[in-house]
Every structure is written in structure tokens, then in C-alpha cells.
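Take a look at the structure below.
The values are calculated or read from the model by the stated rules, or taken from the named source; none is laboratory data. Fair warning: this is a prediction, and the values are worked out from it, not measured in the lab. Neighbour counts run over all protein chains shown; Cβ positions are idealised from the backbone, glycine included. To get the accessible areas, we keep the full protein, side chains included, count just its heavy atoms, and leave off ligands, DNA and RNA. Shrake-Rupley method; radii C 1.70, N 1.55, O 1.52, S 1.80 Å.
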Number of protein chains: 2
Amino acid sequence: MKAREIHLTEYPKGEPTLDTFELAEVELPEVGDGQVRLETLAFSVDPYMRGRMSGRRTYVDPFPLHDTLDGAAVSRVVDSKHDEVPEGSLVLSQHGWRDAAVALGDAVRVLPELPVSHTHFLGALGLTGFTAWVGLERIAELRADDVIYVSAAAGAVGSIAGQLAKHKGATVIGSAGSDAKVARLRELGFDEAFNYKTDPPKDALGRLAPDGLDVYFDNVGGDTLEAAMHYLNNFGRAAICGMISIYNATEPPPGPRNMSNIVSKRLKLQGFIVSDHWQDDFQTFAQQVSPLVIDGTIQADETIREGIEDAPQAFLDMLSGNKQGKMVVKVGE
Amino acid sequence: MKAREIHLTEYPKGEPTLDTFELAEVELPEVGDGQVRLETLAFSVDPYMRGRMSGRRTYVDPFPLHDTLDGAAVSRVVDSKHDEVPEGSLVLSQHGWRDAAVALGDAVRVLPELPVSHTHFLGALGLTGFTAWVGLERIAELRADDVIYVSAAAGAVGSIAGQLAKHKGATVIGSAGSDAKVARLRELGFDEAFNYKTDPPKDALGRLAPDGLDVYFDNVGGDTLEAAMHYLNNFGRAAICGMISIYNATEPPPGPRNMSNIVSKRLKLQGFIVSDHWQDDFQTFAQQVSPLVIDGTIQADETIREGIEDAPQAFLDMLSGNKQGKMVVKVGE
């Protein structure tokens, strides 16, 4: 039995291109004891994967070249030799960029059957939703009376972060890279939203946050972080989730010119990676957020691309912001 | 009755000079009900005062021009109309840069008579020692098995921070701006010490901290912060106490070029100002640290300048690092 996979052909310098990827066909092994065979329904393309394409070890190992790429996937179990993973069950795995796989049963997590799209287990109810929750709850320690600014707010993490913050009672400002996305943020209940391409954060935040910011949820870094630090109030907190503005940079860009604000305003800038929090907090997150996604309080925006052949373009579009909410590649039903 | 004071003549751009200051003579008022008359024994010149000379409000009000400057002082009460502040008592006040003052009794703190120099109430047992303690305990959450790097380690705060960290069990690396200061750090028990002028932190730390840093106590900012961020381990913490490298800057310098480390290594950079912690923690600090200063476990280095006329030069020397430990101006016995 064969599976189709996406492999990496090179470690790109600067922006990856379609040539960075190749489609490969591989022979699947037999299902051994304790193993399961998975048919992929959908897999995730995420910003953190760009770091794994650098060829250097950061907080996760680099992707190998010409070999199977991993990443979050939702699959159906079609054959099982593992007692706790029955045939027919829906599972989450890290078996990523392929349409079928043989996996250790212990390496997959059986998912509940909820009245939501199963792609949401990759997004609002998976890695990205949990990332938003950890950033707000565990890093920024968001309070109901806070004013929070979320950059890349129409993105997968940002759109959930903004809605969760709003649900908590905070005043929420978001930025995105097109007027359509900005309009969508308003629909999602953001109090204020602006297009950072035509309305730079260093101007927009002064206008939209006249009493300053208490929390900044940073998906962008660079000048946007500098602007946020300018407007953060005393004891302001920045949850540093990602710095997509510099992921494709070939030279390390300088940091904010206003670092002295960290002292004078007693700011806290703290980075985080969601996998550190899985063990302690994922259950709490799932219990809190699942009902909100089911009843529509939290709207889980998705951009769905069809077919494994489209995964490389989906990844490039995700990096360049050419999508709304969570980018998912669908490869089965 | 007259007092002599140091006033500010202008808000300096860049480095202050002696012309930034003037010596003035003022008439003291009578001692009214609830008031005390103080004869200053010594007062403090501190880096944070440079910020108050900017003419802009930061976290404290700017100093007024041609008027009394405040700051920490140890004084003897020579006349009292306040029940709880007896004549003859030693007090701490914020009546700073002058040799005598009339003050509200409620605005001074009666000090214990300890077998240490009373100037230590301005240093190791006062604002600066407390600053070191807060940075380690409340901000960096220092642990006994941490490796910590302290910049400006021969300075008032740095030298106490390094010794407190050592007393706790941590491995302590310090940097200073002369070989004599570096030698002094070794005498004070620092595990490693280097001269940052001849041995840049980006090289020295790699050699002296082969297993990386867990904590950085930052008094300097700039390139030193960038180097420390490079060597901080996962979950490293930087207590940002001051950024003396940029206090005299006329253009805001760019921040570290390696800000993406904040995410990949889950760093926490947190600024603090000691006055926020006075209420909650000063007693704990005094109880913990006073015995260590009395028995010589913590050595409280001081540079003493004599006479109020020397205060401006003492301040300039403090800013440029031309001193060892805490800089104090002595104006009485």
C-alpha cells in the first residue's frame, strides 16, 4: 500500500518557493502489533514550520531533507492493532504532510466526536487555539479590564486570541494586512481593528488605544513590537508568540529602539512555545473552549486547500498572509 | 538658618557636565508642628537620577530646574516636633542633595543603629541593595543551581546582586570596565569575571559559561543584553534593572538583533523599579540582608566623596563608572 507525502528538497534562505518542496510516493509498511494505519483527513501548515526549514536546531529539530515531514494531522484509523485506538476512530497525530501513514498507537490521541468540523482539531480546538489560550492565560495573565492588542489578528492564533480575550471582557484591538481581514475582525467582535499596511501601528495604536495597552499578543515582532512597547502602560505584558515579520529575514534585524521602556514602564516580554504547556493545561483549555466553538461564541475561521499537491502553495500562502484564519490542507473525507 | 543645596541649571542633552549643576544657599524655615530639622550625613547619587534630568516624565517626575533636588539621604535629627522621630535619631529621607533640611516627620524613616557605616543605608542596606534583592528574588526568581551573569557588576547594585546570588548558591559571572574592578569581583567571590572593554561579552560569555546562562541581571542594556540573550538557556530570565549604556544617548539605539530568541528559547525579559516593591518586601529584605552585611558575608563597596561641592563631580563619575561600588557624598559626621 502506498502513501503520498510532501518532502523538503532544500533548506531555503529567505522566502521558500514551490521548488523547496517535492511530492513523493512511499510504500507503507504492514501494520504491526501496537500500530495503526491512518488515512489523513486534513493536516496543518503552521508558521513555526518555517523555523524547522532552516536546517538549524531551534526548539525543535529541523525537518530532514527528502524525507517524511511531520506536523499536526487529523486522521481516521482504518486498521488497528492497538487496543485503545479502535478502527474507525478519529485521531490527532504528528504524521503531517501525507495522505496515509502507519503509526504507533501510543503516538496518536483519540479525539472526541464533536458537532464541529474535524479540521477544528487542527485549529481552534488544537495547536493554534491552545497557543492563543496559553498566551493569554499563562503568559500575559490577561484580566477582564485589560486593553489588549493582537497583531496578525486575522491569522489562526490571532483570531482565536482576540475572541477569547473579548469573551473574557477585555477591550480588543487587532491588526491585519487587508481591508477585508479588518472587516472580518470587526465581525468577530474586535472593538477596534486596522490595516497595518495603510495605517502603521505606531499611528493607529495612539488613536485606537487612547489609554494605552495593558497586553500585547505578538505574532509579528519587528516594528510592530516597537510600536506596542511604546503604547504599553506601566506593568504591561507582551506575550511573544511569534515574529513572522522576521522569519524569512536573511540578516538578523535590530530589535526595538525603545528597549528602555522595559525598565521605565516595568514591562514583561515573555516568549512561549505551546508544547511546553500541553501536559499541564491542554485539558483545561479543551474544557473551556470546546463549548465556545460548538455554540459559535468563538468563530474558527479557516482557509481550506484541497489535495496534498496543494500543500506547498498553502504553506507559502500561509507565510505571506494570503488566507484567513487557520490554513488547513484537506486530503480525505 | 541656612542650608546649602545642589540645583540643576538645565536639562542636559547627552552627557551632563559640571555646568549642569549649581551650588545654592537657601534659608530654612522654622520647625513647625509635626516637622523635624535634619543635618545630612550622606546622600546618594544614582543612575536613575539621570532619567530625572531629562525634563520628561518617565516613572518619576523630572527634577525641577533651580530648585531643591531630592534623593536618598541619611540624616541626624537635630530638632523635632514629631513624637515618633526623636532628636538624635538616625533617619532615611528623600531630602537628597543638601546639607540640612526641614522635613515632615512622617516623611522620614527612623533607622536602626547597626554596627555598620551609616552610609550603608544608602547602599547595601538601602535602595541599591534592595534593588539587587528584588531583581534576583522577585523578577528573575533565582534558584540555587542557576548560572547568572551580572553586568556592571562592580557597581552599587551589581556588586550586591552578585554576592547575594553567590550566597544563594548560584554560579556567578560578572563584568566590569577595568582590570582593577575585575580583580575586585574575584575577591568578592564571583566565580568568573571579565573586563568588557577588552573582552566583549559576546566572546567572554561563551568561554566562561559553557553551559549557558539561566539568569541575566541587566544594568547595561544594548550590546550586552544582546550577548546575554544569545547565551541564555531555554526559559532564561533577564531582570532588566537599568540600561546605563543608553542613558546619555541622544538618539534611541536599536535593540538586540536576536529578539527571535525570546520565542525560540521562551525567554522572559522583565523590567522593574524598586519603589514598586518597597511596601511588600523591604522588611523581608532588611531582615535577610542586614546580618550578612554586619558579619561581612556581603561586602558593601563604597566610593565616598566629601563635601556637598563634590556632588556634581561624584554624579558624573558615577555615570561614567569612575568609582567602585556605591557612590556616596558625605556632608556630615
Test result for B:THR68, polar (S, T, N, Q) and crowded, with 21+ Cβ neighbours inside 10 Å: no
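So which of A:PHE217, A:PHE235 ends up being in the same structural domain as A:ALA132 (by TED's automatic domain parsing), among the aromatic types (Phe, Trp, Tyr) and touching a Lys or Arg at 6+ places or on another chain (Cβ under 7 Å)? Can you show your working first?
Details: A:PHE217 fails: touching a Lys or Arg at 6+ places or on another chain (Cβ under 7 Å).
Just a single option satisfies the conditions, and that option is A:PHE235.
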Considering the stretch B:100-117 alone, what residues qualify as being over 23 Å from B:VAL60 (Cβ atoms) and open to solvent by 40 Å² or more (accessible area, probe 1.4 Å)? B:VAL110, B:PRO112, B:GLU113, B:LEU114, B:PRO115, B:SER117
Select, from A:GLU39, A:GLU15, the only residue that is in contact with a strand residue (DSSP E or B) (Cβ under 8 Å, 6 or more places away or on another chain) and open to solvent by 40 Å² or more (accessible area, probe 1.4 Å). A:GLU39
Mind checking whether some residue in the stretch A:247-268 is under 17 Å from the mean Cα position of the chain (by Cα), small (Gly, Ala, Ser) and farther than 27 Å from A:PRO16 by Cβ? no
Residues located in the stretch A:108-125, provided they are in a loop (DSSP other than H, G, I, E, B) and over 25 Å from A:GLY34 (Cα atoms): A:LEU114, A:PRO115, A:VAL116, A:SER117, A:GLY123, A:ALA124, A:LEU125
Options A:GLU137, A:GLU141; residue that is surrounded by 16 or more Cβ atoms within 10 Å (Cβ to Cβ) and closer than 19 Å to A:VAL274 by Cα: A:GLU137
Across the stretch A:249-260, which residue is farthest from B:MET49 (Cα to Cα) among those that are modelled with pLDDT of 90 or more and surrounded by fewer than 23 Cβ atoms within 10 Å (Cβ to Cβ)? A:ARG257
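Scan the stretch B:163-179 and tell me whether some residue there is assigned to a helix (DSSP H, G or I) and either modelled with pLDDT under 95 or within 27 Å of B:PRO312 (Cα to Cα) (or both). Lay out the reasoning, then the answer.
The initial filter retains those residues of the stretch B:163-179 that are assigned to a helix (DSSP H, G or I), namely B:163-168, B:179.
Subset that is either modelled with pLDDT under 95 or within 27 Å of B:PRO312 (Cα to Cα) (or both): B:179.
Within the stretch B:163-179, one or more residues are assigned to a helix (DSSP H, G or I) and either modelled with pLDDT under 95 or within 27 Å of B:PRO312 (Cα to Cα) (or both).
Can you tell me which of A:ARG76, A:ARG98, A:ARG56 is within 14 Å of chain B (Cβ to nearest Cβ) and under 28 Å from A:GLN313 (Cα atoms)?
Working: A:ARG76 fails: within 14 Å of chain B (Cβ to nearest Cβ); A:ARG98 fails: within 14 Å of chain B (Cβ to nearest Cβ).
That would be A:ARG56, the only listed residue that is within 14 Å of chain B (Cβ to nearest Cβ) and under 28 Å from A:GLN313 (Cα atoms).
Would you mention how many residues in the stretch B:71-91 are in a loop (DSSP other than H, G, I, E, B), among the β-branched types (Val, Ile, Thr) and surrounded by fewer than 20 Cβ atoms within 10 Å (Cβ to Cβ)? Explain how you work it out, then say what you get.
From the stretch B:71-91, those in a loop (DSSP other than H, G, I, E, B) are B:72, B:81-89; that's our starting set.
In the following step, the residues that additionally are among the β-branched types (Val, Ile, Thr) were identified as B:85.
In the following step, the residues that additionally are surrounded by fewer than 20 Cβ atoms within 10 Å (Cβ to Cβ) were identified as none.
Adding up the residues that qualify gives 0.
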Among (1) open to solvent by less than 50 Å² (accessible area, probe 1.4 Å); (2) in a strand (DSSP E or B) - the single one A:GLY51 does not satisfy: (2)
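Taking A:ASP203 as the residue in question, decide whether it is assigned to a helix (DSSP H, G or I), acidic (Asp, Glu) and surrounded by fewer than 24 Cβ atoms within 10 Å (Cβ to Cβ).
Considered against the rule, which asks whether it is assigned to a helix (DSSP H, G or I), acidic (Asp, Glu) and surrounded by fewer than 24 Cβ atoms within 10 Å (Cβ to Cβ), A:ASP203 comes out as yes.
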List the number of the failed condition for A:ARG184; all other conditions in (1) under 17 Å from the mean Cα position of the chain (by Cα); (2) part of a helix (DSSP H, G or I); (3) more than 26 Å from A:PHE235 (Cβ to Cβ) hold. (1)
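Condition check ((1) in contact with a His (Cβ under 7 Å, 6 or more places away or on another chain); (2) among the polar types (S, T, N, Q); (3) under 17 Å from B:VAL293 (Cα atoms)) across all residues:
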{"position": "B:HIS120", "(1), (2), (3)": "no, no, yes"}
{"position": "B:ALA124", "(1), (2), (3)": "no, no, yes"}
{"position": "B:ALA144", "(1), (2), (3)": "no, no, no"}
{"position": "B:ALA154", "(1), (2), (3)": "no, no, yes"}
{"position": "B:SER159", "(1), (2), (3)": "no, yes, yes"}
{"position": "B:GLY177", "(1), (2), (3)": "no, no, no"}
{"position": "B:ALA183", "(1), (2), (3)": "no, no, no"}
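Conditions tested, residue by residue: (1) in contact with a Ser or Thr (Cβ under 6 Å, 6 or more places away or on another chain); (2) within 20 Å of B:ALA300 (Cβ to Cβ).
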site: B:GLY169; (1), (2): no, no
site: B:VAL172; (1), (2): no, yes
site: B:ALA176; (1), (2): no, yes
site: B:LEU188; (1), (2): no, yes
site: B:LYS197; (1), (2): no, no
site: B:LYS202; (1), (2): no, no
site: B:ASP214; (1), (2): no, no
site: B:GLY222; (1), (2): yes, no
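If you go through the stretch B:165-173 one residue at a time, do you hit one that is hydroxyl-bearing (Ser, Thr, Tyr), closer than 24 Å to B:ASP214 by Cβ and open to solvent by 10 Å² or more (accessible area, probe 1.4 Å)? Working first, answer last.
First pass over the stretch B:165-173, keeping only residues hydroxyl-bearing (Ser, Thr, Tyr): B:171.
In the following step, the residues that additionally are closer than 24 Å to B:ASP214 by Cβ were identified as B:171.
Filter again for open to solvent by 10 Å² or more (accessible area, probe 1.4 Å), leaving B:171.
Looking through the stretch B:165-173, at least one residue is hydroxyl-bearing (Ser, Thr, Tyr), closer than 24 Å to B:ASP214 by Cβ and open to solvent by 10 Å² or more (accessible area, probe 1.4 Å).
From the list B:LEU142, B:LEU136, which one is touching a residue at least 60 places away in the same chain (Cβ under 8 Å), in the same structural domain as B:VAL157 (by TED's automatic domain parsing) and not in a helix (DSSP H, G or I)?
B:LEU142 is the lone residue from the list that is touching a residue at least 60 places away in the same chain (Cβ under 8 Å), in the same structural domain as B:VAL157 (by TED's automatic domain parsing) and not in a helix (DSSP H, G or I).
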Within the stretch B:210-224, residues out of contact with any Leu (no Cβ under 8 Å at 6 or more places or on another chain) and open to solvent by less than 10 Å² (accessible area, probe 1.4 Å) come out as B:GLY221
Please go through the stretch B:54-65 and give me each residue that is open to solvent by less than 10 Å² (accessible area, probe 1.4 Å) and small (Gly, Ala, Ser), ordered by number. none
Only one of these conditions is not met by A:ASP281: (1) open to solvent by 20 Å² or more (accessible area, probe 1.4 Å); (2) out of contact with any strand residue (DSSP E or B) (no Cβ under 9 Å at 6 or more places or on another chain). Which number is it? (1)
